[in-house]
Amino acid sequence: MQEAIEDTTGAGDAYIGSVLYGITQQMPLDQMMMLAALVAACNCTALGARPALPYAADITPSLLIGNVGAEVHAVG
């Protein structure tokens with residue numbers, strides 16, 4: 001499912017924060033980059049830097065291995 005971009009404020013911070021989280025969790029590089037891209041993309045679906053950031057529980061493991069068709073649950 002593709003959502004419209006509302007605002008890119010904070011997307012870079014979300015990306016870097018996710019990379020740092022991945023480093024602290026000793027996450028494999030490919031999964032770390034997938035997580036960072038996912039979190040940054042989610043961040044762009046609402047106005048402001050924080051409203052659309054996903055919770056850890058919203059990100060399924062299948063998203064981090066690049067499975068096509070996997071979805072993240074919108075924070076509402």
## Note on the structure
Considering only helices (runs of 4 or more DSSP H) wholly within the range 1-72, the ones with at least 1 residues that are modelled with pLDDT of 90 or more are 11-24, 29-43
### Message
Show the residue pairs meeting these rules: Cβ distance below 6 Å; 6+ apart or different chains; first residue within the range 19-42 and within 19 Å of LEU53 (Cα to Cα); second residue part of a helix (DSSP H, G or I) and among the aromatic types (Phe, Trp, Tyr).
### Response
ALA36/TYR15; ALA40/TYR15
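The values are calculated or read from the model by the stated rules, or taken from the named source; none is laboratory data. Note that the structure is predicted; figures quoted are calculated from it, not measured. Heads up, the Cβs are rebuilt from the backbone with ideal geometry, glycines too, and the neighbour counts pull from every protein chain shown.
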